[in-house]
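Undergrad: Quick one: structure below, then a few questions.
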Amino acid sequence: MPTVNIQTLLCVRSASGIDGGVFEAFAQIPATFVPDEISAVIASIRALPGVVEAIDAARTDPDNIYMTTSTNEGRENAIWPPEGVEIEMLPDQSHEINLNLDFNFSQNISLFDHDTVSADDHLGSIMVSADEAGMGPRVGKAASQVEGSVYFITYEVSCNAARRFNRGRAQIQT
């Protein structure tokens, strides 16, 4: 049975501080308005990316990170960190994980930002495969376009006897 050793977690970019509601607010611009307002409406729409970046850069809220083996949110599904432990991460911070998981064929590893007020944010996932056994340490990118987050997960897959298929014939690797 293959085992993945999740070694480290590196935050490249934490989740954006911009809630989707900000974008929805701009989408609610009236369908009709007086001609004198057109310049202001166009300027507002054009300024949106800069405003979003400025708000995001000004905030320093860390991600309250946890890891699961599925894409289902919920701190109760966490495999790391242990229950009762909170891990906050900002860009350029890393944590040693050193967690071993046995799996069959492939294994999802997902990251979430725990939110106390709203639903937890999915920050991205990686998929590890038994085929990676013996390849040494690997780095997977877990990213979310919705949240704007990027994390790197360093892991290594090992196996005492991994069954691999090649041209329809099973081969045992040790």
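The values are calculated or read from the model by the stated rules, or taken from the named source; none is laboratory data. Every value quoted in this text rests on a predicted model; they were computed, and no experiment measured them. In this analysis, Cβ positions are derived from the backbone assuming ideal geometry, glycine residues included, and neighbour counts consider all displayed protein chains. These area figures cover heavy atoms from the full protein model, side chains too; ligands, DNA and RNA do not enter into them. Shrake-Rupley method; radii C 1.70, N 1.55, O 1.52, S 1.80 Å.
Undergrad: Do any residues in segment 146-158 that are among the acidic types (Asp, Glu) have Cβ atoms under 7 Å from those of residues that are open to solvent by 10 Å² or more (accessible area, probe 1.4 Å) and outside any loop (DSSP other than H, G, I, E, B), where the two are at least six apart or on different chains, and which pairs are they?
TA: Note: pairs meeting the criteria are Glu147/Asp121; Glu156/Asn5; Glu156/Gln7; Glu156/Arg138.
Undergrad: Picking from Gly84, Gly134, Gly74, Gly140, which residue would you name as being of a type outside the set (Phe, Trp, Tyr), closer than 15 Å to Asn5 by Cα and loosely packed, with under 14 Cβ neighbours inside 10 Å?
TA: Exactly one residue qualifies, and that residue is Gly134.
Undergrad: Test Asp113 against the criterion of being charged (D, E, K, R), over 26 Å from Met1 (Cβ atoms) and open to solvent by less than 30 Å² (accessible area, probe 1.4 Å), and give yes or no.
TA: Yes, satisfied.
Undergrad: Look at Ile172 and say whether it is among the hydrophobic types (A, V, I, L, M, F, W, C), at pLDDT 90 or above and assigned to a strand (DSSP E or B).
TA: Against the criterion (among the hydrophobic types (A, V, I, L, M, F, W, C), at pLDDT 90 or above and assigned to a strand (DSSP E or B)), Ile172 does not qualify.
Each row is one residue, and each column tells you yes or no for (1) of a type in the set (Ser, Thr, Tyr); (2) modelled with pLDDT under 95.
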residue	(1), (2)
Pro82	no, yes
Ser106	yes, no
Thr116	yes, yes
His122	no, yes
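Undergrad: Any residue in segment 122-142 that's closer than 29 Å to Ser16 by Cα: show its pairings with residues that are open to solvent by 30 Å² or more (accessible area, probe 1.4 Å) and in a loop (DSSP other than H, G, I, E, B) at Cβ separation under 6 Å, as long as the two are six or more apart or on different chains.
TA: As it stands, the answer is Leu123/Glu147, since those pairs meet every condition given.
Undergrad: Does any residue of segment 145-163 turn out to be over 19 Å from Cys11 (Cα atoms), at pLDDT 95 or above, buried (at least 19 other Cβ atoms within 10 Å of the Cβ) and in contact with a helix residue (DSSP H, G or I) (Cβ under 6 Å, 6 or more places away or on another chain)?
TA: yes
Undergrad: Could you list all residues from segment 90-107 that are closer than 18 Å to Thr154 by Cβ and either within 12 Å of the chain's Cα centre (by Cα) or in a loop (DSSP other than H, G, I, E, B) (or both)?
TA: Those that are closer than 18 Å to Thr154 by Cβ and either within 12 Å of the chain's Cα centre (by Cα) or in a loop (DSSP other than H, G, I, E, B) (or both): Pro91, Asp92, Gln93, Phe103.
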